[in-house]
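Below you'll find the structure, written out as structure tokens, and then a few comments.
The values are calculated or read from the model by the stated rules, or taken from the named source; none is laboratory data. Here the structure is a predicted model, which is why all the values come from computation and not from measurement. Methodologically, a virtual Cβ is constructed for each residue, glycine included, from the backbone with ideal geometry; neighbour enumeration extends over all protein chains shown. Side chains included, ligands, DNA and RNA excluded: accessible areas come from the protein's heavy atoms. Shrake-Rupley method; radii C 1.70, N 1.55, O 1.52, S 1.80 Å.
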Amino acid sequence: MADTPGHEQYTRNMVTGASTADVAVILIDARKGILTQTMRHSFLVSLLGIKHIVLAVNKMDLVEYEEKTFREIVSAYEKFASQLTFETITAIPLSALEGDNVIAPSTNTPWYEGPSLITQLETVQTTEDLVEKPFRMPVQWVNRPNLDFRGFSGTVSSGSIKVGDGIVEPTSGQSSKVREIVTFDGNLDEAIAGQAVTITLEDEIDISRGDVLCALQDRPATADQFEAKLVWMSDEELLPSRNYILKLGTTTSSARVTALKHKINVNTLEKTAAKTLELNEIGVCNFALDKAISFDPYQENRKTGSFILIDRFSNATVGAGVIDFALRRAENIHWQSVDIHKDARAEQKGQRPAVLWFTGLSGSGKSTIANALEKKLHSIGKHTYLLDGDNVRHGLNKDLGFTDADRVENIRRVGETAKLFVDAGLITLVSFISPFRSERQMARNLMEEGEFLEVFVDTPLEICEQRDIKGLYAKARAGEIKNFTGIDSDYERPENAEIIIDGANTAIEDAADIIIAELKSRGMI
Amino acid sequence: MIEKHLTHLRQLEAESIHIFREVAAEFEKPVMLYSIGKDSSVLLHLARKAFHPSPIPFPLLHVDTTWKFREMISFRDQIAKDYNLDLLVHINEEGVKQGIGPFTHGSALHTDVMKTESLKQALNHYKFDAAFGGARRDEEASRAKERIFSFRTETHRWDPKNQRPELWNIYNARVRKGESIRAFPLSNWTELDIWQYIYLENIPIVPLYFAKERPVVERDGMLIMVDDERMPLNEGEVPQMKSVRFRTLGCYPLTGAIESTAATLPEIIQEMLVAKTSERQGRLIDKDQSGSMERKKQEGYF
């Protein structure tokens, strides 16, 4: 039971209390009827997904227990509440002072035939619907006591699961069947919403904390963008450009608000334009995450549709959100799990796939060396592909410019493309200035351990500028090109490149041979 | 056909297990504070359930004030052996050297040095970033507003006015180096829930909870058990054999017994249902001197 204060400055507390409640008792003074705060409270509990309302019309003793007064309040409330999402509204005429209809039916209200307040609270059915929903279990902890046991521990958020049932991890598309439902008190045949269990599967699939085990047939949305209603809980206002930590179930991701559509006045439900949200304000926002996650709309599933936002710097919980729907209609595109894997494709080609990520200043010789290397690999029967920075900008990335944000997106797309080629089993050569360490790291993180080899073509700026094959340095010096790496934009030197080529003193053919030798020593070719 | 609805004890159990797993998954070095009492017994039982078939993936820590009931210590060692637990025992040796004790220095100083300070010493020494405790919201007013993940500064201070909002079952586990959280899996349990669960699950507890003839003296309206020879008797004070039991357990000189003949769990539950007083009424430290529980907690008391 949570008794939450009613004033507007306590919206944060009200929302927090409502987040774990199944039923809300909305108190009305029979003399005053529906007030602003009645509407505010009703909106907030509706927003937080509470489906069952007890409308407690109190102080009936002060209106002579008049049925008409009660009926008028109830009908006004029902009219107002029709725009909200309640399933049941049970109105009870009360006098807390006199005890009328609190515990037992009162003789003062012979015209009232409904339950007393206590009876209603004790009998209202609230949990059964969760069991009827599709199966979801966010994995909290991988349970590995020894090499023979690998279980996934978590609490069933919704639905139920039986031994032998099929499950899927929606972000990867991997599926399997439930082998055992393990508990301290013995294995179960079935687990239902609310139970904390450990599930083992028939197949060895890669599942870790943050993944959600789901029903095969009725999957959640998987997307990296969604619309949500956000309640702001911090004295520091929301910064739409800032990256916050988003925690949904057991998944943690990085998220920012890409659009604040409007805020909602909690008293009148009016929508107004907004640039930011302040403490206790509620807004409808689009979110973009750094990865796709599984979720359901909050009004369908409170457990898998709710999240908190954490400030990266203060570590404070600054916001609470409820998801409306996935954006870009990504919700119906599920990851297709395929049977022929990277290893099989690479084996057929007699090689191990890798990314050779050439980085260095413009004119350092990256593309020339990469080109020579690809010819050599091709001549010895290896399967390759060369992604060149300039060429990619003519097609895939032609919508991008040279601001820092566009450079980051440029690298992200190339990284993802390289990942697809690696998945196809190819030795993928990427020739990109890629000046920022964090973006090279981002590309590295996309690949598996040992697949990403950073090739730093280390040629001093003076020599690159002397060469100036494309005449770009001259233009940059003249101020005709902005944000040119080495001139008015930084190049962050690699700290742990796998291969370093001295670009000033190494012949092109020798550079290619150095890389081939490295690939051989790593058993890649 | 299995029941499609969990009983309230099974819901509480599942919630506690969820909290245990969240902490184990999100923190680098958790520890469970084990005080040997009934709540600790339930906490331990739930921890075993949470990680089964794995062993509990963190150690237990008992802060020993050296004034616990002898039966508590023997129970602790037996449990550690039976369940093969990684049990750490910490004693504030500085306090022992100075001879700090409740009879000579008063309950407040004793608790401060041998319990609160001692706990901080242990947490700093092992560099734990999360510590489980068995506190419940129904125990005491300042505990009612405590979060399930309760943030502590580098100096172990709690700021009741600046707590992180806690919504749904999503817990903010972010701490900087040196900061920590106290995690309370039993937050939403009541004393009655604890007893019913002990009964339902047949959880071993210290025999002091059951009524038996024990030597006690009456002081300041409290029945204090004479547990060892360190207890100085006032003039004319003669220990009397009375059928007593304890509702909570702590340092024996600071823990009042109640007269009772309840020697089984159903009898204890029966007595509880008619009791009008809080279980902590037997705790001297809650009332002693200026220290409210809230102040003690801000300073790092569990």
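For this structure, a couple of remarks:
Table: residues versus (1) open to solvent by 30 Å² or more (accessible area, probe 1.4 Å); (2) within 14 Å of another protein chain (Cβ to nearest Cβ); (3) more than 43 Å from the chain's Cα centre (by Cα); (4) more than 26 Å from residue A:44 (Cα to Cα).
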site	(1), (2), (3), (4)
A:96	yes, no, yes, no
A:102	yes, no, yes, no
A:106	no, no, yes, yes
A:131	no, yes, no, no
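- A count restricted to region B:1-53 and to residues that are touching a Gly at 6+ places or on another chain (Cβ under 6 Å) and either acidic (Asp, Glu) or not in a helix (DSSP H, G or I) (or both) stands at 3.
- Counted residues, region A:289-344 - those being within 14 Å of another protein chain (Cβ to nearest Cβ) and modelled with pLDDT under 90: 3
- Residue B:166 buried (at least 18 other Cβ atoms within 10 Å of the Cβ), at pLDDT below 90 and touching a Lys or Arg at 6+ places or on another chain (Cβ under 8 Å): no
- Pairs with Cβ under 8 Å, 6+ apart, first in region B:48-59 and facing chain A (nearest Cβ under 7 Å) and more than 18 Å from residue B:130 (Cα to Cα), second acidic (Asp, Glu) and surrounded by fewer than 16 Cβ atoms within 10 Å (Cβ to Cβ): B:49/A:185
- The set of residues in region A:287-319 being open to solvent by less than 10 Å² (accessible area, probe 1.4 Å), not in a loop (DSSP other than H, G, I, E, B) and not small (Gly, Ala, Ser) consists of A:287, A:293, A:295, A:307, A:308, A:309, A:310, A:317, A:318.
- Checking the stated criteria, residue A:256 turns out not to satisfy the condition of being crowded, with 17+ Cβ neighbours inside 10 Å and outside the structural domain of residue A:291 (by TED's automatic domain parsing).
- Any strands (runs of 3 or more DSSP E) falling wholly within region B:136-253 and containing at least 1 residues that are without any contact (Cβ under 8 Å) to a residue 40 or more places away in the chain: B:149-152, B:212-219, B:222-225, B:240-245
- Verdict on residue A:161 being of a type in the set (A, V, I, L, M, F, W, C), more than 10 Å from chain B (Cβ to nearest Cβ) and open to solvent by less than 20 Å² (accessible area, probe 1.4 Å): yes
- Residue match in region A:447-458 (condition: β-branched (Val, Ile, Thr) and under 30 Å from residue A:343 (Cβ atoms)): yes
- The one condition in (1) open to solvent by less than 20 Å² (accessible area, probe 1.4 Å); (2) farther than 23 Å from residue A:502 by Cα; (3) among the aliphatic types (A, V, I, L, M); (4) in contact with an Asp or Glu (Cβ under 6 Å, 6 or more places away or on another chain) that residue A:418 fails to fulfil: (4)
- Residue, nearest to the other protein chains (Cβ to nearest Cβ), within region B:9-27, restricted to residues that are farther than 17 Å from residue B:43 by Cα and touching a residue at least 40 places away in the same chain (Cβ under 8 Å): B:26
Conditions (1) open to solvent by 70 Å² or more (accessible area, probe 1.4 Å); (2) closer than 16 Å to residue A:499 by Cα; (3) not acidic (Asp, Glu), marked per residue:
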{"residue": "A:355", "(1), (2), (3)": "no, yes, yes"}
{"residue": "A:363", "(1), (2), (3)": "no, no, yes"}
{"residue": "A:370", "(1), (2), (3)": "no, yes, yes"}
{"residue": "A:398", "(1), (2), (3)": "yes, no, yes"}
{"residue": "A:402", "(1), (2), (3)": "yes, no, yes"}
{"residue": "A:426", "(1), (2), (3)": "no, no, yes"}
{"residue": "A:446", "(1), (2), (3)": "no, no, yes"}
{"residue": "A:450", "(1), (2), (3)": "no, yes, yes"}
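- Residue in region A:5-13 that is surrounded by 21 or more Cβ atoms within 10 Å (Cβ to Cβ), modelled with pLDDT of 95 or more and either over 19 Å from residue A:124 (Cβ atoms) or not assigned by TED's automatic domain parsing to the domain that holds residue A:87 (or both) present: no
- Residue within region A:190-208 that is part of a loop (DSSP other than H, G, I, E, B), away from every other protein chain (no Cβ under 12 Å) and crowded, with 22+ Cβ neighbours inside 10 Å present: no
- Test: residue in region B:28-41 that is among the basic types (Lys, Arg), more than 8 Å from chain A (Cβ to nearest Cβ), open to solvent by less than 20 Å² (accessible area, probe 1.4 Å) and under 25 Å from residue B:149 (Cα atoms): yes
- Restricted to region A:136-181, the set of strands (runs of 3 or more DSSP E) holding at least 3 residues that are in the same structural domain as residue A:209 (by TED's automatic domain parsing), modelled with pLDDT of 95 or more and not β-branched (Val, Ile, Thr) comprises A:136-138, A:141-146, A:149-155.
- With respect to the stated conditions, residue A:221 fails to be in contact with a strand residue (DSSP E or B) (Cβ under 8 Å, 6 or more places away or on another chain) and either open to solvent by 20 Å² or more (accessible area, probe 1.4 Å) or within 13 Å of chain B (Cβ to nearest Cβ) (or both).
- Of the listed requirements (1) within 14 Å of chain A (Cβ to nearest Cβ); (2) in contact with a strand residue (DSSP E or B) (Cβ under 7 Å, 6 or more places away or on another chain); (3) not acidic (Asp, Glu), residue B:158 misses just one: (1).
- Of residues in region A:116-126 being open to solvent by less than 40 Å² (accessible area, probe 1.4 Å) and outside any helix (DSSP H, G or I), the one modelled with the highest pLDDT: A:116
- Listing of helices (runs of 4 or more DSSP H) fully contained in region A:1-113 that carry 3 or more residues being at positive phi and free of Cβ contacts under 8 Å to residues at least 12 places away in the same chain: none
- Tally, over region A:244-286, of residues that are within 14 Å of chain B (Cβ to nearest Cβ) and part of a loop (DSSP other than H, G, I, E, B): 4
- Condition met for residue B:233 (open to solvent by less than 50 Å² (accessible area, probe 1.4 Å), more than 14 Å from every other protein chain (Cβ to nearest Cβ) and not charged (D, E, K, R)): no
- Candidate set from region B:236-259 (those that are touching a helix residue (DSSP H, G or I) at 6+ places or on another chain (Cβ under 8 Å) and β-branched (Val, Ile, Thr)); member that is surrounded by the fewest Cβ atoms within 10 Å (Cβ to Cβ): B:258
- Summed over region B:119-159, residues that are of a type in the set (Ser, Thr, Tyr), open to solvent by less than 40 Å² (accessible area, probe 1.4 Å) and modelled with pLDDT under 90 total 1.
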